[in-house]
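The values are calculated or read from the model by the stated rules, or taken from the named source; none is laboratory data. Since we're looking at a predicted model, the values are computed, not measured. Neighbour counts are summed over all protein chains in view; Cβ atoms, including those assigned to glycine, are modelled from backbone coordinates with ideal geometry. Ligands, DNA and RNA are stripped out before the accessible areas are found, and what is left, the full protein with its side chains, is counted by its heavy atoms. Shrake-Rupley method; radii C 1.70, N 1.55, O 1.52, S 1.80 Å.
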Amino acid sequence: ETGVTQTPRHLVMGMTNKKSLKCEQHLGHNAMYWYKQSAKKPLELMFVYNFKEQTENNSVPSRFSPECPNSSHLFLHLHTLQPEDSALYLCASSQQLAGSSYNEQFFGPGTRLTVL
Amino acid sequence: DQQVKQNSPSLSVQEGRISILNCDYTNSMFDYFLWYKKYPAEGPTFLISISSIKDKNEDGRFTVFLNKSAKHLSLHIVPSQPGDSAVYFCAASVPYGDSNYQLIWGAGTKLIIKP
């Protein structure tokens, strides 16, 4: 596997289910991100992990819970979601260098989530 | 309030002609601007970037222009090819915390290249 991989690619879940999205990066990067993309809207940053520590949480509801066990893996645990949470969830990684503002991010293919 | 705006949801261009995609921003603290391209069922892929200290960057058929006084940047694709049909996102790198940076994204412009 190369680049950034995400599983599953598609997920349909009921509002009472618990599921997890998985992301793995094979690029040796030190930062990983979860984004939500809704139709015709900008990508919304949800969580950032830098050196395995969560450094950003953009007021995301607690029904979304991230986990970063190491610098290559990132999970997004989902529970009691709402229909408006249906969206494309994208994982990305980047190599953040001290003193550099350049932040080119590499994306996985995304998980298309539908909440019934 | 959107800090990065792409006001054209879609753009249709004849194959072989020039495609010009526009992006406006409000925050003068942005250090870098990046353009990404996205095909359906795939994640965005990096295309080209420009530092805020430059006004032009060119890579093959792709050129990005930055007008800091107008807080405007544009991506030129010439000549346009059918494979360029995709959604194009403009993003800006902005500092947060002590030494980290995040990307602020526009809503995207769908480019359609007509044969």
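Structural remarks
- Given (1) touching a residue at least 12 places away in the same chain (Cβ under 8 Å); (2) open to solvent by 10 Å² or more (accessible area, probe 1.4 Å); (3) facing chain A (nearest Cβ under 9 Å), number of the condition residue B:28 does not satisfy: (3)
- Residue within region B:91-100 that is away from chain A (no Cβ under 14 Å), open to solvent by less than 20 Å² (accessible area, probe 1.4 Å) and either in contact with a strand residue (DSSP E or B) (Cβ under 9 Å, 6 or more places away or on another chain) or farther than 16 Å from residue B:20 by Cα (or both) present: no
- Wholly enclosed strands (runs of 3 or more DSSP E) of region A:1-83 bearing at least 2 residues polar (S, T, N, Q): A:4-7, A:18-25, A:53-57, A:64-70
- For region A:16-34, a residue qualifies if it is hydroxyl-bearing (Ser, Thr, Tyr) and either in contact with an Asp or Glu (Cβ under 6 Å, 6 or more places away or on another chain) or buried (at least 19 other Cβ atoms within 10 Å of the Cβ) (or both), and exactly one does: A:33.
- Test: residue in region A:49-63 that is crowded, with 18+ Cβ neighbours inside 10 Å, at pLDDT 90 or above and more than 10 Å from chain B (Cβ to nearest Cβ): no
- Against the test of being more than 10 Å from chain B (Cβ to nearest Cβ), open to solvent by 20 Å² or more (accessible area, probe 1.4 Å), touching a residue at least 60 places away in the same chain (Cβ under 8 Å) and closer than 23 Å to residue B:45 by Cα, the options A:37, A:95 yield a single qualifying residue, A:95.
- Scanning region B:36-86 for residues that are in a strand (DSSP E or B), at the interface with chain A (Cβ under 10 Å from one of its Cβ atoms) and open to solvent by less than 50 Å² (accessible area, probe 1.4 Å) yields B:36, B:38, B:49, B:51.
- Hits in region B:1-16 (condition: away from chain A (no Cβ under 11 Å) and either exposed (fewer than 13 other Cβ atoms within 10 Å of the Cβ) or outside any loop (DSSP other than H, G, I, E, B) (or both)): B:1, B:7, B:11, B:12, B:13, B:14, B:16
- Inter-residue pairs, beta-carbon under 9 Å, first touching a residue at least 24 places away in the same chain (Cβ under 8 Å) and in region B:35-57, second among the basic types (Lys, Arg) and surrounded by 14 or more Cβ atoms within 10 Å (Cβ to Cβ), 6+ apart: B:44/B:37; B:44/B:38; B:47/B:37
- Checking each residue in region A:100-116 for being open to solvent by less than 20 Å² (accessible area, probe 1.4 Å), facing another protein chain (nearest Cβ under 7 Å) and at pLDDT 90 or above picks out A:105, A:108, A:110.
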